[in-house]
Amino acid sequence: MRMLAVFEKGERIRHIGHLDIQRSVQRGLRRSGLPVAYSNGFNPHILVTFASALSTGACGKREIMDVTMAEDVNEEEFLRKMNRAMPPEMQLSKTRAVDRKHPSLPPLLRAAQYDLLIQEERFAGKLIDVIPAMMARETIQAMRKTKTALKECDIKPLIYSLNGKDRHIYGTLVLTERESCKPGMLMEALCREAGIEEEVRVLITRTGLLGENENGQLVPLETL
């Protein structure tokens, strides 16, 4: 069996990179005493994967790990033992047992939900006010970083929804194995639309990962 587990990456550890998150999860799984499965070979490792790597500097409310188990485990037991073994900033909130034949999560991923908290209030109003005008444009240009250079691209087809309130900008952005709209690209476009040339400090929180159900609707990835 495999266990899908929803966990948090708290604000205090937002500057920890994905490799360190992986190591923390592996240490937690070992400490938990749960019967996890290991790979074969000279250097066996715990069989755990993640739906999507979270950028360094960002928080995550509903990140998802996929753990292969050597034996069947009760969902509540997995949740309880893991939360005892994991640090406070990486607690689990939900678990779901699935068959080993269940599809891998990354190919099912379609979008991510974000909460972008604008740190300076003087910028927040301007950025939120320009959202309707920007979304009314035929194209929204931003710079995408490739392996060799920066390339201009149209991110409008990569934005499912965008709105704002107080100092928060809420967006549902495309996130697949082939293409994505990163929060930094969105903020670049918003700042250009608002005529802001200064650096805008933003606290990025990914609040959910979404897949597509049989009706073509976006739903929480962990429910598929």
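The values are calculated or read from the model by the stated rules, or taken from the named source; none is laboratory data. Owing to the predicted nature of the structure, the values given are computational and were not obtained by experimental measurement. Using ideal geometry, Cβ is built from the backbone for each residue, glycine included, and neighbour counts are taken over all protein chains shown. Just so you know, the surface numbers come from the protein's heavy atoms only, side chains and all, with ligands and any DNA or RNA stripped out. Shrake-Rupley method; radii C 1.70, N 1.55, O 1.52, S 1.80 Å.
Give the angle, between 0 and 90 degrees and rounded to the nearest 10, that separates the Cα long axis of helix 183-194 from the longest principal axis of the Cα atoms of the chain.
10 degrees
Need one word for the chain: rounded, prolate or oblate. Basis is the Cα gyration tensor (sqrt eigenvalues a ≥ b ≥ c); a/c below 1.5 gives rounded, then a/b vs b/c decides.
Verdict is prolate for the chain.
Need one word for segment 2-102: rounded, prolate or oblate. Basis is the Cα gyration tensor (sqrt eigenvalues a ≥ b ≥ c); a/c below 1.5 gives rounded, then a/b vs b/c decides. Don't skip to the answer; put the middle values down first.
Numbers: a/c = 1.68, a/b = 1.38, b/c = 1.22.
Prolate shape, in that a/c is at least 1.5 and a/b is the bigger ratio.
Gap in Å between the Cα centre of segment 88-132 and the Cα centre of segment 161-202?
13 Å
I need the peptides 123-133, 180-190, 11-21 ranked by packing, meaning the mean over residues of other C-beta atoms within 10 angstrom, with the highest value on top. Don't skip to the end; give the middle numbers.
Numbers: 123-133: 16.5, 180-190: 21.0, 11-21: 14.2.
Per-residue mean Cβ counts within 10 Å order the peptides as 180-190, 123-133, 11-21.
Taking all protein chains in place and a 1.4 Å probe, what share, in percent, of the accessible surface of segment 2-102 do carbon and sulfur account for? Kindly include the intermediate steps, with their values, before the conclusion.
Numbers: 2550 of 5400 Å².
Here it works out to 47 percent.
Which angle between 0 and 90 degrees, to the nearest 10, do you get for helix 75-85 versus the longest principal axis of the chain when only C-alpha atoms count?
Helix 75-85 and the main axis of the chain meet at about 80 degrees.
Give the aspartates and glutamates reachable from Lys156 as a straight Cα distance under 15 Å; neighbours fewer than 8 places away on the same chain don't count.
Hits, sequence-local ones excluded: Glu138, Glu179, Glu188, Glu193.
Please report, as a whole percent, how much of the solvent-accessible surface of segment 107-223 comes from carbon and sulfur atoms (probe radius 1.4 Å).
Working: 3080 of 6700 Å².
Of all accessible area on segment 107-223, carbon and sulfur atoms account for 46 percent.
Sort 93-101, 109-117 for me by packing, meaning the mean count of neighbouring Cβ atoms within 10 Å per residue, highest on top. Could you put the intermediate results ahead of the total?
Working: 93-101: 13.0, 109-117: 21.4.
Descending mean neighbour count gives 109-117, 93-101.
Which angle between 0 and 90 degrees, to the nearest 10, do you get for helix 18-32 versus the longest principal axis of the chain when only C-alpha atoms count?
Approximately 30 degrees, to the nearest 10.
Any idea which of Leu105, Leu173, Asn40 is furthest toward the positive side of the dipole for the chain, if Lys and Arg beta-carbons carry +1 and Asp and Glu beta-carbons -1?
Asn40
Can you give the accessible area per residue of the chain, in Å², using a 1.4 Å probe?
Details: 12360 Å² over 224 residues.
The answer is 55 Å² per residue.
Can you give the accessible area of Glu8, probe radius 1.4 Å, in Å² rounded to 10?
Around 60 Å² of this residue is reachable by solvent.
Looking at this model, which pairs from Lys9/Lys145; Lys101/Lys145; Lys61/Lys126; Lys9/Lys126; Lys126/Lys151 are more than 32 angstrom apart at the alpha-carbon?
Numbers: Lys9/Lys145 25 Å; Lys101/Lys145 35 Å; Lys61/Lys126 27 Å; Lys9/Lys126 29 Å; Lys126/Lys151 26 Å.
Check vs 32 Å cut-off fails for Lys101/Lys145.
Name the long-range amide H neighbours of Gly57: under 5 Å, sequence gap of 5 or more, or other chain; modelled H, no Pro or chain starts.
Under 5 Å from the amide H of Gly57: His15, Ile16.
What ranking do 31-40, 52-61 get when scored by the average of other Cβ atoms within 10 Å per residue, highest first?
Numbers: 31-40: 13.4, 52-61: 18.0.
The peptides rank, most packed first, as 52-61, 31-40.
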